[in-house]
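In what follows, a structure is listed as structure tokens, so that the remarks can point back to it.
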Amino acid sequence: MKPDIVQRLEQRLGRQYVRQRLAIEDDHRSRLDSRRPDFFHLESWYSIHALIRNTLKLTGLYSRGRKNAAAVELRRNEVALPGLPVAFDGFTLLHISDMHVDMSQAAMSCLIDKVQDIDYDLCVLTGDYCGNDFGAQESVLREMARVRGHLRGEVYGVLGNHDSLRLVPGLEDLGIRMLLNESVSIVRQGEAIHLAGIDDAHYFRVHNLASACANVPAEGCALLLSHTPEIYRLAACAGFKLLLCGHTHGGQVCLPGRLPITLDAQVPRHMGAGPWRFADLVGYTSVGAGASVVPVRFNCPPEITLHRLCVA
């Protein structure tokens, strides 16, 4: 890694955090290189990609699955939040997750077409910009630049389990403010909501909700960005009003009726896609705009989501 990138990361996040995150990445990369798969995670079975692809081709389903994966849908979600400042009644968030841009270029072109004619106040990205774990930064950033060029206004994001910390400087140079166990205040007509984001809690497990909400007032209206819904209990206990996340792909390959075969997340199945609630926490799990492992989808269309906030 270039020394200036290391310096930028350490100045921003601290030496200990950067070394910890990169050490986990390097260990994961070495295990992938030695082809020792984690039996509990399909995403680790890189050697199985060709088998899945060829099986789908033999059954005549591959081209249909690729076409499905490129047809990104726009979903709308009304979110009633207790304690939402009146100035934010009607505030709209464009939520994009799991783009996997280096293996989902057709989906990204469709996504770009979708965002041209929609109105929103803020865009949030909930991780997994890379398709292959720690894919080539140049190609990922090049495709992210193409997408970012069509997103208006402020854009905030978090990292996913496919994303290297090394991407952060490049993403921020594109105008995407990354929230790594941090928060920002969004001010409107003298009132504020607080947007927090955590680093990946699924694989890297370097999330820190205490740091993420350290600057959030006790009675403030706080929204949390996380790659995975798996921290829903912690988010509810920390007093967050809304959790926006992704990771599950909604199963990506589902049975009729959008019944997922697997979610690769330790959550109740109803939290695997779409809106849900836990205690006082309102949540939404995006099924993602891209595809992982193999660029196909069945009974689970890719999506981007417009969340319209309203006073409960």
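Read the figures in this text as sums done on the coordinates, not as results from a lab. Predicted model, so just to flag it, every value in this text is computed and none were measured. Cβ placement follows ideal geometry from the backbone for every residue including glycine, while neighbour counts extend to all protein chains displayed.
Net charge near residue 222: determine it from the other residues with C-beta under 15 Å of the C-beta of residue 222, scoring Lys and Arg +1 and Asp and Glu -1. Let's see the in-between values first.
Details: positive: 241; negative: 182, 191, 219, 280.
For residues surrounding residue 222, the net value is -3.
So what are the three principal axis dimensions of segment 87-226 from its Cα atoms, in whole Å, longest to shortest?
If we take the Cα atoms of segment 87-226, the spans are 42, 37, 22 Å.
Residue farthest toward the positive end of the dipole of the chain, with Cβ of Lys/Arg at +1 and Asp/Glu at -1: which of 270, 184, 294?
Looking along the dipole axis, the top candidate is 294.
Using a simple spin-label model with points 7 Å from Cα along the Cα→Cβ vector, what separation in nm is obtained for residue 154 and residue 64?
Here the answer is 4.5 nm between the modelled labels.
Where both partners of a DSSP beta bridge lie in segment 170-298, what percent of those bridges are antiparallel, to the nearest 5? Don't skip to the answer; put the middle values down first.
On the way: 14 of 26 bridges.
For segment 170-298, the DSSP antiparallel bridge percentage is about 55.
Please list the equivalent ellipsoid semi-axes of segment 177-269, computed as the square roots of five times the alpha-carbon gyration tensor eigenvalues, in descending order and whole angstrom. Please report the intermediate quantities before stating the final value.
Numbers: eigenvalues 158, 41, 25 Å².
One finds semi-axes of 28, 14, 11 Å for segment 177-269.
Using only the Cα atoms of segment 3-311, what are the Rg and Dmax in Å?
So, for segment 3-311, Rg and Dmax equal 18.5, 60 Å respectively.
Using only helices, what value at 222 nm comes out for the chain when you add -39,500 (n - 2.57) per DSSP H run of length 4 or more and divide by the total residues, to the nearest 500 deg cm²/dmol?
Numbers: 9 runs with 87 residues, N = 312.
That comes out to -8000 deg cm²/dmol.
For segment 236-251, what does the Karplus curve 6.51 cos²θ - 1.76 cosθ + 1.60, with θ = phi - 60°, yield as ³J(HN,Hα) per residue in whole Hz, taken in order and with x for Gly and Pro?
Karplus values, whole Hz, x for Gly and Pro: 5, 5, 7, x, 5, 8, 9, 10, 10, 7, x, 6, 6, 6, x, x.
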